[in-house]
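Laboratory data are not the source of any read-out in this text; all were calculated from the coordinates shown. The shown structure was predicted, so the numbers you read here are calculated from the model rather than taken from an experiment. Cβ sites come from the backbone with ideal geometry, for glycine too, and all protein chains shown count toward neighbours.
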Amino acid sequence: MGPLAGIKVIDMTTVLMGPYATQMLGDFGADVIKVESLEGDVTRLIGPTRHPGMGPVFLNTNRSKRSIALDLKKPAGRDAVLRLISSADVLVYNVRPQAMARLNLGYDVVSKVNPRLVYAGVFGFGQGGPYAAKPAYDDLIQGATALPALMAQTSDGTPRYVPNALVDRIVGLTAVGAICAALVHRDRSGSGQRVDIPMFETMAGFVMGDHMGGLTYEPPLDKGGYARHLSRDRRPYKTSDGYLCVIVYNDKQWDNFFKATGRDDLKHDPKFASFAGRAANIDEVYAELARILETRTTAEWIEILNKADVPVMPMHDLESLLDDPHLAATGYFPIVTHPSEGPIRTMKVSASFSDTPAVPERLAPRLGEQGVEILREAGYSADEISGLVRDGVTRPAPAS
């Protein structure tokens, strides 16, 4: 049983940001009830599948959950959600607050049904500014928080998005922390509260924490930016037969590097001899490091640098990452048997707890798979459940 055992979460999120957050809550032991539309979360359709509606993005962001499908635009569907909410600890949604209000499921409504509820919204923008009602997606927020502009500075000048749903996952992680903090407060005070986790503000702080630079001061001392991060030679280094990830950072590591490579001449160069010197000349430092690393093979450098205690890691691609010896030793990518999808590769919970192990007990559900049991737990009779199915408010459980 994980550290959140006994916590009930109503998950009204779709796509990635919200589901990633609620999967983590479920991995930590919470009972997460995923409320889907009758068509299901759109991520069910993304990527290669063995069976319709069970794509890899969905499988990897919706384990540790139970699924119920409800038409929330019908009064009976909304009533069913309110009944679920009445005994829940947390509600998580990731549509705009205005949409929740149109469903008559705003905080002013649900807090009367359950005053102890933590009502958590993960959406685009804080509600105090002119962007409050704007839609938001990962790409838009990356652009609005300068990530493509920073990418352009380090490459050929073309702005590019980070090839990862970086915003969705960072904001999802932030939401987990905020929800857990609100639960601690609830347990101390007895009262729930509304918690907003906006994408734009979260990512503005995430990016500018590194790159505020001289813009920290008023008047500014420079135009911002962390020089080491923006150096064009801060990248995987080419070796004689491939690429390698190396960072030589502090004075001890540089001393070890000079000894291991026979470059004592650099030790006496003011550009290399001190942290301040290297920081002021970072482009030249990284360019010289790149030239040195081209002289040997990847395997040779890994052996040399490991012996010298200089931080080094292989540059994996998606396939080779699965075979990394450390991840293999820790069993990070276990192959498990999904009830409908057969053998699938999944990922362990990265956090470990000495007393309350977080071991996911449920794989991602089929659409509406646990709907009947969820409604039964909420007090619905068999006849009432049959009526909801007949009236198109919910879906019957999928066939085995």
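Suppose R0 equals 41 Å. What FRET efficiency, 1/(1 + (r/R0)^6) with r the Cβ-Cβ distance, do residue 185 and residue 268 give to the nearest 0.05?
So, using R0 = 41 Å, E works out to roughly 0.10.
Could you tell me which of the pairs 223/259; 8/73; 73/348; 259/348 are separated by over 29 angstrom between their Cα atoms in the structure shown?
From 223/259; 8/73; 73/348; 259/348, over 29 Å: 223/259; 73/348; 259/348.
What are the principal axis extents of the Cα atoms in the chain, in Å, biggest first?
Reported extents, whole Å, longest axis first: 84, 54, 41.
Can you put 64, 354, 191 in order, fewest other beta carbons within 10 Å first?
Lowest to highest Cβ neighbour count: 354, 191, 64.
Tell me the angle of helix 17-27 to the major Cα principal axis of the chain, expressed in degrees between 0 and 90 and rounded to the nearest ten.
Helix 17-27 sits roughly 80 degrees off the main axis of the chain.
Give me the base-10 log of I(q)/I(0) for the stretch 237-314 at each q in 0.15, 0.19, 0.22, 0.26 Å⁻¹, Debye formula, one uniform scatterer per Cα, rounded to two decimals.
Evaluating at q = 0.15, 0.19, 0.22, 0.26 Å⁻¹ gives log10 I(q)/I(0) of -0.46, -0.75, -1.01, -1.36.
Given contacts defined as C-alpha pairs under 8 Å and at least six residues apart, what's the relative contact order of the chain, whole-number percent?
20
Identify, among 15, 330, 204, the residue whose Cα sits farthest towards the positive end of the charge dipole of the chain, taking +1 on the Cβ of Lys and Arg and -1 on the Cβ of Asp and Glu, with the dipole about the Cα centre.
Positive-most Cα among the choices belongs to 15.
Give me 85, 247, 170 ranked fewest to most by other Cβ atoms within 10 Å of their Cβ, as a rough exposure proxy.
247, 170, 85
Could you work out how far helix 282-293 tilts from the main Cα principal axis of the chain, as a 0 to 90 degree angle to the nearest 10?
80
Of 200, 333, 353, which has the largest mean-square fluctuation in a 10 Å C-alpha GNM of the chain?
Answer for the Gaussian network model of the chain: 353.
To the nearest Å, what is the center-to-center distance of the stretch 180-250 and the stretch 295-373, using C-alpha atoms only?
24
Assuming 0.36 nm per residue, please report the length gained on full extension of the stretch residue 327 to residue 133 beyond their Cα-Cα distance.
Using 0.36 nm per residue and subtracting the Cα-Cα distance, I get 65.6 nm.
Counting Lys and Arg as +1 and Asp and Glu as -1, each charge on the Cβ, what is the dipole of the stretch 243-336 about the Cα centre in debye, to the nearest 20?
In total the dipole reaches around 300 debye.
Explain nothing, just the number: dipole magnitude of the chain about its Cα centre with +1 on each Lys and Arg Cβ and -1 on each Asp and Glu Cβ, in debye rounded to the nearest 20.
Its charge dipole is roughly 860 debye.
With angles folded into 0 to 90 degrees, how steeply does helix 166-189 sit against the dominant principal axis of the chain? Use alpha carbons for both and round to 10.
So the helix axis and the longest Cα principal axis differ by about 60 degrees.
Give, as a single signed number, the net charge of other residues whose beta carbon lies under 11 Å from the beta carbon of residue 17, with Lys and Arg counted +1 and Asp and Glu -1.
Counting the neighbours of residue 17, the net charge comes to -1.
What FRET efficiency do you get for residue 291 and residue 50 if R0 is 51 Å and r is their Cβ-Cβ distance, rounded to the nearest 0.05?
0.55
Work out, step by step, the length gained on full extension between residue 276 and residue 116: first 0.36 nm times the residue separation, then minus their alpha carbon distance; give nm to one decimal.
52.3 nm
Quote the relative contact order of the stretch 237-314 in percent (integer), defining contacts as alpha-carbon pairs under 8 Å separated by 6+ residues.
Dividing the mean separation by the residue count of the stretch 237-314 yields 50 percent.
Where a Cα-Cα gap under 20 Å defines reach, which lysines qualify for residue 74, not counting those fewer than 8 residues away within the same chain?
Output for residue 74: 34.
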